[in-house]
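Before any comments, here is the structure.
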Amino acid sequence: MANEALEIVVRKAARALGRHGLAHAYGHVSARIDAGSFLVCAAEPMGLIAPGRRGTVVELGGDLPDGVLGEVRIHREIYRRRPDIAGVARTMPPKIMSLSVLRLTPKVRHGLGCYFYPGIALWDDPQLIRGDAAAQRLAAQMGNGSAIVMRGNGLVTAGASVEEAVVRAWYAEDAAQVEIDVLAAGAGCSSALLSGEDATVRATWSGRVLERMWDYLTAGDPE
């Protein structure tokens, strides 16, 4: 069973994603409990999850519990493949969505895009993930990355904590806005891309980079 501190963090993460337009009626966020289980938020619109509303514990070795949304199997497969991952967010950022229907994902053009170098993978299938085999393939395609865009269907981000998964969702949407602006200006080919060396140096968490964005995204939360 998840402890109350983890329950609160997951609820705050869910409400932050809803509050900042990264999810609407659909989406979910989770945090690893231990090597064999994780906690997923209640199956409700994330921005409407009330203080004290408990999530559901999902075992990595079993079927999804009753009442858990079908695409939570994506979280399960990522946790199974990636022991380094402790948080997963399934979101619907609007700019990511717009790019995805063009079969595009943000390129590494600016600071926040560096956190996804060499780029975000594209799951080129508009259907919902409703089976284990598809969830396994999606997790395999994401590989060692921290995000994957689902064509016409949103975004999955993962991190070493649930806070990082949420922050990465915000970073990905910011990168998508930059990408759309560059394309609208007709500068898609001429705009500079950051090198691997530049991206590695820029994608730092030192200086409370993660913590400051988490504080921003959760400011005013009732818990």
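Observations on the structure shown:
- Scoring residue 97 on the criteria (1) touching a Gly at 6+ places or on another chain (Cβ under 9 Å); (2) of a type in the set (A, V, I, L, M); (3) closer than 22 Å to residue 203 by Cα leaves a single failure, condition (3).
- For region 77-95, a residue qualifies if it is in a helix (DSSP H, G or I) and either among the polar types (S, T, N, Q) or in contact with a helix residue (DSSP H, G or I) (Cβ under 7 Å, 6 or more places away or on another chain) (or both), and the qualifying residues are 77, 78, 81, 95.
- The single condition among (1) part of a loop (DSSP other than H, G, I, E, B); (2) among the hydrophobic types (A, V, I, L, M, F, W, C); (3) in contact with a Lys or Arg (Cβ under 8 Å, 6 or more places away or on another chain) that residue 38 does not satisfy is (1).
- Picking from residues in region 132-161 that are in a loop (DSSP other than H, G, I, E, B), in contact (Cβ under 8 Å) with a residue 24 or more places away in the chain and over 21 Å from residue 25 (Cα atoms), the one that is farthest from the chain's Cα centre (by Cα) is 144.
- The lone exception for residue 67 - which of (1) assigned to a loop (DSSP other than H, G, I, E, B); (2) touching a Pro at 6+ places or on another chain (Cβ under 9 Å) it fails: (2)
- Criterion: under 19 Å from residue 93 (Cα atoms) and more than 11 Å from the chain's Cα centre (by Cα) - qualifying residue of 183, 193: 183
- Screening region 194-203 for residues that are assigned to a loop (DSSP other than H, G, I, E, B) and in contact with a helix residue (DSSP H, G or I) (Cβ under 9 Å, 6 or more places away or on another chain) and picking the one that is farthest from residue 99 (Cα to Cα) gives 203.
- Annotation: residue 180 fulfils all but one of (1) assigned to a helix (DSSP H, G or I); (2) touching a Ser or Thr at 6+ places or on another chain (Cβ under 7 Å); (3) within 26 Å of residue 78 (Cβ to Cβ); the unmet one is (3).
- Answer from 25, 5, 35 - the residue that is exposed (fewer than 15 other Cβ atoms within 10 Å of the Cβ), aliphatic (A, V, I, L, M) and free of Cβ contacts under 8 Å to residues at least 12 places away in the same chain: 5
- So residue 221, is it farther than 18 Å from residue 91 by Cα and in contact with a helix residue (DSSP H, G or I) (Cβ under 6 Å, 6 or more places away or on another chain): yes
Bear in mind that the values in this text are calculations on the coordinates, not laboratory data. Just so you know, these numbers come straight off a predicted model, no measurement behind them. Counting neighbours? That spans all protein chains shown, and the Cβs are built from the backbone with ideal geometry, glycine included.
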